[in-house]
Amino acid sequence: MSATPNATPIEVTCAQVKARLDAGDKFVFIDCREASEHQAVAIAAATLLPMSEIQNRIGELESQRDADIIIHCHHGGRSLRVANWLRQQGFSKAQSMAGGIDQWAIEIDSSLPRY
């Protein structure tokens, strides 16, 4: 599946997400980990919407269908699956943050605990 020139890449780096947050860019930032993981460590700007609940809660994102959506998880596997699934549902700008919160803790905020 080759990308067209204007297509939004399926993955974005932690540094790119941090730059967008710092710039005040408007986008939807979703943490698709489970509640217990979110309680242990979280990125303040992200909203918890667990992968296990997203199919039942997709309506919560309906108003964001045309928005930039960035999803993160622990290492980037679940968020990539969620981003692909959201794209199949018509959310064409859904992206996964590569490396997840673990990479974020290494690159961006070393005060966050790693697990």
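None of the figures in this text is laboratory data; all of them are computed from the coordinates on show. The structure presented is a predicted model; accordingly, all values stated were derived computationally and were not measured. Note: ideal-geometry Cβ built from the backbone for every residue, glycine included; neighbour counts use all protein chains shown.
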Checklist outcome for this item: Per the 1/(1 + (r/R0)^6) rule, R0 = 35 Å and r from the Cβ atoms of Arg81 and Ala19, FRET efficiency to 0.05 is 0.90
Next on the checklist: For the chain, set up a GNM with springs between Cα atoms under 10 Å and report which of Ser52, Ser36, Ser79 has the largest fluctuation.
Outcome noted: Ser36
Item to check | the chain, helix-only ellipticity at 222 nm - DSSP H runs n ≥ 4, -39,500 (n - 2.57), divided by all residues, nearest 500 | outcome: -9500 deg cm²/dmol
Checklist entry - Considering the chain as a Gaussian network with a 10 Å cut-off on Cα pairs, which listed residue, Leu48, Leu80, Leu61, attains the greatest mean-square fluctuation? => result Leu61
Checklist outcome for this item: Read-out semi-axes √(5λ) of the Cα gyration tensor in Å, candidates (i) 25, 18, 14; (ii) 27, 13, 12; (iii) 21, 17, 13; calculated match is (iii)
Checklist entry - Given Cα pairs under 8 Å that are at least 6 residues apart, what percent is the relative contact order of the chain? => result 32
Checklist entry - Highest GNM mean-square fluctuation, the chain, Cα pairs closer than 10 Å: which of Gln39, Gln89, Gln103? => result Gln39
Checklist entry - Each residue of the stretch 75-88 in turn: what ³J(HN,Hα) in whole Hz from Karplus with 6.51, -1.76, 1.60 and θ = phi - 60°, glycine and Pro shown as x? => result 10, x, x, 5, 5, 5, 5, 5, 4, 5, 5, 4, 4, 5
